[in-house]
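Here is the structure we will look at, set down as structure tokens.
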Amino acid sequence: MTDNKQMWTELGMDVETHDLLCEALPQAYGDVYLSQENRPEGMDYFNMIVADIHGLRPAELIEAQKEGKKVVGSFCIHVPDELVLAAGAIPTGLCSGSQFWVPEGEKHLPTTTCPLIKASIGARFGRTCPYSRIADLFVCENTCDGKKKAWEILAEDAPVYVMDIPQMKRERDFLHWKDELYGYKEKLEEITGNKITEESLKEAIHTVNEKRKALQRLYNFRKEPNVPISGLDTLLITQIAFFDDPKRFAAMVNKLCDELDQKKSEGFSVYEKDAVRLMLSGTPLSIPNWKLHHIIESSGAAVIIEEMCTGSRYFENLVDESGETIDEMLENLTQRYLGGINCACFTPNDARIDDIIRLSEEYHADGVIDVNLKFCGIYDMEGVKVEKTLKEKDIPILGIETDYTDQDAEQLKTRIGAFVELLENR
């Protein structure tokens, strides 16, 4: 930990304030994760990552920078890691999932901004997230009005590059997004001094696809009648996917899946027989936001799929690897990163509701909890149509709004408990 403190000091972090986060996280992690029974041994790697989440990976990134590599941070799954890797740089997620960073964010943003945006800004301005100090470039996107204006504020303190994501999916919108990818390619070549070649981009596409395949393999276990890994553990793995080295991450997930294959053959389940199976949809749950999964699974129910950016949207739909030229590969990236992701920022967005219905069937969900982070207007408004359509399909649904605090925990326990009881009696 002493070495970490020296690293944090050299990054210009507020070490004293950051220590408060480091003191609280192990207790929270122990209460939520280590209290679970019958966890796979393969979770030891992910436990280690969380135990030193602001130490191990940041140290790797700094060493890479000393060797001349650039670190590129991003907030959104629409931003393709493939181009970063192809330029010889390292992609990483950025801090955005804790109430710890919200008060600092509120010094720069209205309180009626969603907690994810406030935390994203607060982590940088408060100097309490190493990833937000290390990144050589912050790649931002205009998925909502709140983010659009927040990035202008972030740019006062950090090197920001904004990508303009079309809000519709017409032919001209795909052409626009492809042009944005060309612009991003040029920006990455500029900051790294490296040319993105056919060979480097093809290899990068394969690398990220292998990570997606590992997550697909992991999530397939959750379709089984006997589920050998908890929703909490699967959420944690997906959250770590945004930060870890992609090849190492894929290898460790596949190693875990080998263990789960054995548990599957033995008919093992981490849940009680006939536990209610719940699907979560809606806004992302960035690390260390584990509140909802903990409440649900502590109630005896099972979280078996998330239609979220920290869920199926992140790994579904591989990039077509048949492209040979830069233009063909950028076209394939365009199709996947615009056509293959159904964020609430799009209009019309019936495809997202189709995804929810499809996933609820594939994972044999008994009901859906549609989650909205407070003040997230696009998911809140789309939630009206989600609830209406699912009720018409006779799919039980509970809509909830929450934030990063624990102030609503008891209320959520009551509402979720009542929903679970309703499903048990169907």
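Every number here is computed from the coordinates shown, using simple stated rules; none is lab data. Model, not experiment: these values are computed from the prediction. All Cβ positions, even for glycine, are placed from backbone atoms using ideal geometry, and neighbour counts span all protein chains on display.
Within 10 Å of each candidate Cβ there may be at most 15 other Cβ atoms; applying that plus a DSSP loop requirement, which trypsin sites (Lys or Arg not before Pro) in region 195-256 survive? Can you show the working numbers first?
Numbers: sites: LYS195, LYS202, LYS211, ARG212, LYS213, ARG217, ARG222, LYS223, LYS247, ARG248, LYS255; in loops: LYS195.
Qualifying residues, ordered by number: LYS195.
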Legend entry - Whole-number Å³ per residue for the convex hull built on Cα positions in region 47-131: 112
Legend entry - Anisotropy class of region 335-426 from Cα gyration tensor, a/c 1.5 cut: oblate
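Can you tally the net charge around ARG336? Count Lys and Arg as +1, Asp and Glu as -1, for every other residue whose Cβ sits under 12 Å from the Cβ of ARG336.
Details: positive: LYS178, ARG212, ARG313; negative: ASP81, GLU82, GLU316, ASP320, GLU321, GLU331.
Net of charged neighbours comes to -3.
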Legend entry - Beta bridges per DSSP with both ends in region 41-183, % antiparallel, nearest 5: 0
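Full-extension gain between GLU41 and GLN65, please, as 0.36 nm times their residue separation minus the C-alpha to C-alpha distance. Could the numbers behind the result be given before it?
Details: separation 24, 0.36 × 24 = 8.64 nm, distance 3.30 nm.
Extra length available between GLU41 and GLN65 comes to 5.3 nm.
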Inset, instruction - Compute the Cα gyration tensor for region 159-302, then decide on rounded, prolate or oblate, letting a ≥ b ≥ c be the square roots of its eigenvalues: rounded whenever a/c is under 1.5, prolate when a/b is larger than b/c in the other cases, and oblate in all that remain. - result: prolate
Legend entry - Karplus (6.51, -1.76, 1.60) ³J(HN,Hα), θ = phi - 60°, over region 210-217, in Hz, Gly and Pro reported as x: 5, 5, 4, 4, 5, 5, 4, 4
Legend entry - J(HN,Hα) series, region 350-364, from Karplus relation 6.51 cos²θ - 1.76 cosθ + 1.60, nearest Hz, glycine and proline x: 4, 4, 5, 5, 4, 4, 4, 5, 4, 5, 4, 6, 4, 9, 6
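With a ≥ b ≥ c taken as the square roots of the eigenvalues of the C-alpha gyration tensor of region 1-57, please select rounded if a/c is under 1.5 and otherwise prolate if a/b is larger than b/c or oblate if it is not?
On the way: a/c = 4.34, a/b = 1.98, b/c = 2.19.
Here region 1-57 falls in the oblate category.
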Legend entry - Separation of the GLU387 and ILE326 label points, Cα + 7 Å toward Cβ, nm: 5.0
Inset, instruction - Evaluate the Kirkwood expression for the hydrodynamic radius of region 284-382, namely the inverse of the mean inverse distance over all pairs of different C-alpha atoms, and round to one decimal in Å. - result: 15.5
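Hey, got the dipole for the chain? About the Cα centre, +1 on K and R Cβ, -1 on D and E Cβ, debye to the nearest 20? Walk me through the numbers before you get to the answer.
Numbers: 48 positive and 75 negative charges, 69 e Å.
With only Lys, Arg, Asp and Glu charged at Cβ, the dipole is about 340 debye.
Roughly how many debye, to the nearest 20, is the charge dipole of region 15-126 about its Cα centre, given +1 on each Lys and Arg Cβ, -1 on each Asp and Glu Cβ, and no other charges? Intermediate values should be presented prior to the final figure.
On the way: 8 positive and 15 negative charges, 103 e Å.
Magnitude of the dipole: close to 500 debye.
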Inset, instruction - Would you kindly calculate the translational diffusion coefficient of the chain, applying Stokes-Einstein with the Kirkwood radius from alpha carbon pairs, for 20 °C and a viscosity of 1.002 mPa s, and quote it in µm² s⁻¹ without decimals? - result: 97
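Restricting to Cα atoms and excluding each atom paired with itself, what does the Kirkwood estimate give for region 1-155 in Å? Walk me through the numbers on the way to the answer.
Details: mean 1/r = 0.0599 Å⁻¹.
Evaluated on region 1-155, it is 16.7 Å.
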Legend entry - Separation of the SER265 and ASP31 label points, Cα + 7 Å toward Cβ, nm: 4.0
Inset, instruction - Give me the distance in nm between label points sitting 7 Å out from Cα along the Cα-to-Cβ direction at MET48 and THR17, one decimal. - result: 3.3
Legend entry - Inter-part distance where region 39-88 and region 111-151 are each reduced to a Cα centre, Å: 18
Legend entry - Signed unit charges on C-beta, dipole axis of the chain, positive-most listed residue THR402, TYR184, GLY73: THR402
Legend entry - Mean residue ellipticity (222 nm) of the chain, computed from DSSP H runs ≥ 4 via -39,500 (n - 2.57), nearest 500: -16000 deg cm²/dmol
Legend entry - Most to least packed among 23-29, 339-345, 172-178, 278-284 [average Cβ atoms within 10 Å]: 278-284, 339-345, 172-178, 23-29
Inset, instruction - Apply the Kirkwood formula to region 183-236: the hydrodynamic radius equals the inverse of the mean of 1/r over all pairs of different alpha-carbon atoms; give it in Å with one decimal. - result: 14.0
